[in-house]
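*Asks:* One structure is given below, represented as structure tokens, and several questions about it will come after.
Values in this text are rule-based calculations from the coordinates and carry no lab data. These figures come from a predicted structure and were not determined experimentally. Glycine also receives a Cβ, built like all others from the backbone with ideal geometry; neighbour counts cover every protein chain displayed.
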Amino acid sequence: MNIGRKAGLLYLLLIPLGVLGILFIPSYFFVADDINATMENIANDEGLFRMGIVSSLATQIVQIFVVLALYRLFKEVNQRMAAFMVISILVAVPIAMLNELNYFAVLESLGNGEQVSLFLSLHEYGVFIAQIFWGIWLFPMGYLAYKSGFIPKIIGVLLIIACFGYLIDSMMVFLKLDLGFVFSDFTFLGEFAIVLWLIIKGKKEQNASN
């Protein structure tokens, strides 16, 4: 079995699921500084809103399969770092899944602007809490890619940079600091690079190298 290609394809699946659940809902339904318009948008297309929630939940489930496939790929490189990578995602997944309760609470509170605003705000903070671990898991992955011998070292470096991009973004939100840009908008290249490399080149499990 080509575990490298399998991991790459699973990782690729995270992109449309994540875009739909994490990015599409806020951009489609939420109107800045107008909670009434936001509630009206949700009420008018509740089915799509729920689809976004399901997509977010599916993203987390797929994430588990991704990290397990990557563990099989990298465990011979450094088993402790590979285990650290898995643990990071297994911490992030329940946080992200439970965070979707805030969106269900939004649906139950439509018509009450104050409550809807509160649950939307809690969901946003929940995403950034989960993002801490979405960043952390990239550090061991980057290290493993760098040391693997079958993935270009530059991809490992880019993954580690991506780790700090996510971490900095979360801390900026928690500290209410606004520099006018998002770090991860410039540091995400490592994830795309490793997905493409694994899909194109792959790596058979039995050939995993120390």
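*Asks:* Exactly one condition in (1) in a helix (DSSP H, G or I); (2) of a type outside the set (F, W, Y); (3) without any contact (Cβ under 8 Å) to a residue 60 or more places away in the chain is not met by V106; state its number.
*Replies:* Exception for V106: condition (3).
*Asks:* For segment 27-52, give me each residue that is surrounded by fewer than 19 Cβ atoms within 10 Å (Cβ to Cβ), touching a residue at least 12 places away in the same chain (Cβ under 8 Å) and farther than 17 Å from M97 by Cα.
*Replies:* Across segment 27-52, the qualifying residues are Y28, F30, I35, N36, N41, A43, D45, E46, L48.
Okay, residues lined up against (1) buried (at least 18 other Cβ atoms within 10 Å of the Cβ); (2) within 22 Å of the chain's Cα centre (by Cα); (3) not in a helix (DSSP H, G or I):
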| site | (1), (2), (3) |
| --- | --- |
| M141 | yes, yes, no |
| L144 | yes, yes, no |
| K147 | no, no, no |
| S170 | yes, yes, no |
| F186 | no, yes, no |
| F192 | no, yes, no |
| L196 | no, yes, no |
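*Asks:* Pick out the one residue from A92, A105 that is over 14 Å from I61 (Cα atoms) and either buried (at least 17 other Cβ atoms within 10 Å of the Cβ) or of a type outside the set (S, T, N, Q) (or both). Full working, then the answer.
*Replies:* Values: A92 fails: over 14 Å from I61 (Cα atoms).
Within the list A92, A105, the selection yields A105.
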